[in-house]
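*Asks:* Got a structure for you, questions after.
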Amino acid sequence: MAVRVVRLGSPRAADEGTRIGTVRRPPRGVAKTEFAARDWYDVWFPNLAPSLATMKLGQAAATPGEWAAFKKKYRAEMATPDNAHALELLAALSRTSAFSVGCYCEQEEHCHRSVLRSLLLEKGARVE
């Protein structure tokens, strides 16, 4: 059992389990009833998405310094008590359940999910 970090909308792995969308907004032009069937997500959990301002900072990051500023701001958001508890819960669940968390971005290394992966590992999650 473990948590996978995935790109939402990508084909699911056979043993992926519940897919959790850690995004600020649902996919455009897709009916809510189609989210799971189209491999977007089963459960929307925007609590672990960057705030709108932080998301824009990450999307605009063109240099390593700008990306570092995004990561610092996103990590600060994830350090709030509610978000830290959510990360701890997911880390604990990863030891007994299969599920995934994800975002729409094409490249994980330039997406909040790369930071989310690190945060989960720091909380002791089993990550594939």
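*Asks:* Keeping every protein chain in place, order Met55, Met78, Met1 by accessible area at 1.4 Å, biggest value first, i.e. largest first.
*Replies:* Met1, Met55, Met78
*Asks:* Sticking with this one: Hey, in the chain, which Cys have no second cysteine's beta-carbon closer than 4.7 Å?
*Replies:* When partners are defined as cysteine Cβ atoms under 4.7 Å apart, the chain leaves Cys103 without one.
*Asks:* If you keep only loop residues by DSSP, which GluC sites (Glu not before Pro) in the range 45-113 have at most 13 other Cβ atoms within 10 Å of their Cβ?
*Replies:* Within the range 45-113, the qualifying GluC sites (Glu not before Pro) (loop, at most 13 other Cβ atoms within 10 Å) are Glu106.
*Asks:* Rank Trp67, Trp44 by accessible area, highest first, at a 1.4 Å probe radius?
*Replies:* Trp44, Trp67
*Asks:* Still on this structure, I have one more. I need the shape label for the range 51-128. Rule: rounded when a/c is under 1.5, else prolate if a/b > b/c, else oblate, with a, b, c from the alpha carbon gyration tensor.
*Replies:* prolate
*Asks:* Here's something else I'd like to know. Mind running the shape call on the range 1-119? Use the C-alpha gyration tensor, a ≥ b ≥ c as the square roots of the eigenvalues: rounded below 1.5 for a/c, prolate if a/b tops b/c, oblate otherwise.
*Replies:* Oblate is the answer for the range 1-119, as a/c is 1.5 or above yet b/c matches or exceeds a/b.
*Asks:* Quick one: accessible area per residue over the range 20-128, 1.4 Å probe, rounded to a whole number of Å²?
*Replies:* 55
*Asks:* Can you send over the carbon and sulfur percentage of the accessible area for the chain, probe radius 1.4 Å, protein chains only?
*Replies:* Reported share for carbon and sulfur atoms: 56 percent.
*Asks:* Given +1 on the Cβ of Lys and Arg, -1 on the Cβ of Asp and Glu, and no further charges, what dipole in debye does the chain carry about its Cα centre, rounded to the nearest 20?
*Replies:* 220
*Asks:* Tell me what the chain gives for mean residue ellipticity at 222 nm when only DSSP H runs of n ≥ 4 count, each as -39,500 (n - 2.57), the sum divided by the residue total, rounded to 500 deg cm²/dmol.
*Replies:* About -11500 deg cm²/dmol.
*Asks:* At a Cα cut-off below 29 Å, give the lysines reachable from Lys123, other chains included and same-chain residues fewer than 8 away excluded.
*Replies:* Candidates past the 8-residue exclusion: Lys56, Lys71, Lys72, Lys73.
The values are calculated or read from the model by the stated rules, or taken from the named source; none is laboratory data. Given the structure is predicted, the values throughout are model-derived calculations rather than measurements. So basically every Cβ, Gly included, is an ideal-geometry build from the backbone, and we count neighbours across all protein chains shown. Remember, those area values only see protein heavy atoms, side chains included, never the ligands or the DNA or RNA. Shrake-Rupley method; radii C 1.70, N 1.55, O 1.52, S 1.80 Å.
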